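Okay, so here's the structure we're looking at.
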Amino acid sequence: MKLLILGLAAAILSQAAPTGVSTRAACATKSQRKAWHTLTRDEKLAYLNAEKCLMSLPAELGFEGPRTRFDEFQKLHVFATSTVHFVGAFLPWHRYLIHTHEHVLKTECNYTGTHPYWDEPLDAGNFTHSILLDPETGFGGDGAGPNNCIQNGPFKHYVNAIGPGQSITDHCIDRQINDCTSAMAAQTNVDQCMAMQNFSTMWPCLEGAPHGGGHGGIGGEMLNLWSSPGDPLFYLHHAYLDKLWWQWQAMDLPLRLQDITGSNQPVSFGPFPGTNGSFPGFPGNGSIPGFPGNGTFPPGGPGNGSCGMFPGGPFPPVGTGPPRTNLVKRDGDPGNVTTLGHVLTMFGMMPNVTVADVMDVQGGLLCYEYI
Ligand SMILES: [Cu+2]
């Protein structure tokens, strides 16, 4: 009888409650996503080995270019780039990408841990000495030489087939650490975003300094709007951004399980906090076709260009990728505003879901917490 009542209550709740809040009961045991610096040596090695496994498994989805499952993840980001950055779906899509990455590590590489994240404010302004870049228990260090190839670590010998940009070329994993830029990852910049009262202002804030600081601080492929998942650090960076979004949501539940908006067409951002008002964020100099401003972004990096990150264009030549229109599915929204019904696609790596499905990390589809 008790069960019946509970069931009835759940049924009523599921009818009455908007999508996204009705399935919390399905997440009784949350998995715990931890910061990299809190992992044991064995936990770190388990994750690094799982990522290496992904780099050894053959591609399955039939895309042009990828040789491995790792490359395939990168390719689906290339496909999605123009519809998942500077848009309302930026955080939801990347949340689902990280979930997909974790899922594939578990199901195809026997990974038994959870998705770690990089607690970036700890290393802001000092990525060079981050323990994430440890050559043995981390992702290897900075790039060097003519192609800025990483010189050590578990991914030193990986030949990546995707990128830079939309091109398909064999290359090393490259980095150009910039600790002037990585300073943008500072906690003060995060705090400004956390103080925002609505998703409409919080999301551009997060996509600005905290997001840009991680990508620009590592540099190389990580700074490429399309092919950045070619550096395995990408996944820890975006798990971190997901943590920040959830942290913000959790400050006002259940209201923020519903708070989604934004444009479906990429928009131009205003100045980001903590950057002297001059940092335009990605794509830097505005020379990237199809992106907001298209030519209107001023050159120069954070801090009035003093970091020397963006001048001259942050991105290498992008080549001619497959036509977007053939690959980008309809997003399900009636107009240009991102809604809970907005479709998030992983291009066959995982089933399509909607924004509503990923609003709650402790709902039915997702079931984790950040510690
Ligand atoms: Cu992205």
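Bear in mind that the values in this text are calculations on the coordinates, not laboratory data. Keep in mind that this is a model prediction, so the values were computed, not measured. So basically every Cβ, Gly included, is an ideal-geometry build from the backbone, and we count neighbours across all protein chains shown.
The Cα-based radius of gyration of the range 26-170, divided by its Kirkwood radius, gives an Rg/Rh of 0.96. Only Cα pairs under 8 Å and 6+ residues apart enter the sum, and on that basis the relative contact order of the range 29-106 stands at 19 percent. Rg ratio for the range 169-208: its Cα radius of gyration over 2.2 N^0.38 Å, N being its residue count, equals 1.66. Counted residue by residue at 0.36 nm each, then reduced by the alpha carbon distance between them, the extension gain from H37 to V337 reaches 104.2 nm.
Amide H contacts of V337 (H built 1.01 Å from N, in plane; Pro and chain starts excluded): N264 sit under 5 Å, all sequence-distant by 5 or more or on other chains. For M251, neighbours were defined as the other residues whose beta-carbon sits under 15 Å from its Cβ, and their charges (Lys and Arg +1, Asp and Glu -1) total -3.
Comparing the range 102-158 with the 2.2 N^0.38 Å rule of thumb, its C-alpha radius of gyration ratio is 1.34 (two decimals). Working from Cα pairs under 8 Å separated by at least six residues, relative contact order for the range 181-223 is 51 percent. For the range 218-272, the calculated P(r) over all alpha carbon pairs, in 5 Å bins from 0 to the bin holding the longest distance, is 4, 15, 15, 17, 24, 16, 7, 2 percent.
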